[in-house]
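The values are calculated or read from the model by the stated rules, or taken from the named source; none is laboratory data. As the structure is a computational prediction, the values presented were derived from the model and not from experiment. Here the Cβ positions follow ideal geometry from the backbone for every residue, glycine too, while neighbour counts run over all protein chains shown. To get the accessible areas, we keep the full protein, side chains included, count just its heavy atoms, and leave off ligands, DNA and RNA. Shrake-Rupley method; radii C 1.70, N 1.55, O 1.52, S 1.80 Å.
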Amino acid sequence: MMRQSIWLALVALGGCVPVVANLYQPLGAGDIKLLRAGCSMAPRVQVTQHLPAHVDIEVIALAKTPGIAHAVITMNILVPAGTAVRLTEPTITLREGSSAPAISLRIDRIRKPRTIVNGEVSDYLEPGDLLSGPAGYGIEVELPHENPAELIITPPSLEIDGQRVDVGPTEFVLKVRPHLTGFC
C-alpha cells in the first residue's frame, strides 16, 4: 500500500496522472496491435484483415473516454501500387451484441491523402469513388450509442481490381484500463 502511494505521488509530481479509460478489446481473427498515442490519450487496439491483392483493412473501435468525445469506428483501407478499390455500398454494419439487430451506419466521406489541384485543397472522396494505390484511405463513423458493451463491426464489401471481396466481421468488447495522462 505504501509503495503504491509513493508511486502515485511521484507520478503526480512528474506531471502524469493515472486515469481509468474505456477501451474496446478485439476478439477473434486478424492481426491485433496495441496503438499508443500521446500520454493524454487512451490506448487503442487495431485489428488488421489482409485481403486479396495485398489490400489491408484496419478497424479500430474507440469508446467515449477522457480525450475522446464520441464513441466511433475508424477504418483504414491500405491500397498498394497498381491496385484499384471501391466500396460496394456506403455502409458499415454494426451489431451491439450477438443477439442485437444489425444497424447500418452510413459512410458520408472517405479521407484521402491531401492533394492540391488548381489551387484547391482536396482531403476527401465520396463513398463511391475509386481508391487507387499506393495510398491509405480513412473512414470514420460515430456509434449511435455511447460505449455499448459489445460491438460486431462488418466493413462494407470491397471491389478490388473488379472482383467483389466480402470483408469479415470484427468483434470488440468494452474493457476498463488504467493509463497515464498529463505532461509525461
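Observations on the structure shown:
- Student exercise, region 54-184 dipole from Lys, Arg, Asp, Glu Cβ charges, in Debye to nearest 20: 280 debye
- Where labels lie 7 Å past Cα in the beta-carbon direction, separation of Leu125 and Val72 in nm: 1.9 nm
- Net dipole in debye of region 112-158 [+1 Lys, Arg Cβ; -1 Asp, Glu Cβ; about Cα centre; nearest 20]: 240 debye
- Highest-first arrangement of 118-125, 78-85, 150-157, where packing means the average Cβ count within 10 Å: 150-157, 78-85, 118-125
- Computed accessible area, Glu89, all protein chains, 1.4 angstrom probe, square angstrom: 60 Å²
- Extension gain, Arg114 to Ala135, is 6.5 nm, computed as 0.36 nm per intervening residue step minus the present C-alpha separation.
- Length gained on full extension, Gln163 to Asp56, computed as 0.36 nm times the residue gap minus the Cα-Cα distance: 37.0 nm.
- When a 1.4 Å probe is rolled over the protein heavy atoms, the share of accessible surface on region 51-184 that falls to carbon and sulfur comes to 51 percent.
- Gyration tensor (alpha-carbon) shape descriptor, region 79-142, a/c threshold 1.5: prolate
- Shape summary: region 42-184 maps onto an equivalent ellipsoid whose semi-axes, from the alpha-carbon gyration tensor, are 27, 20, 14 Å in decreasing order.
- Each Lys and Arg contributes +1 and each Asp and Glu -1, all at the Cβ; summed about the Cα centre of region 43-106, the dipole is approximately 140 debye.
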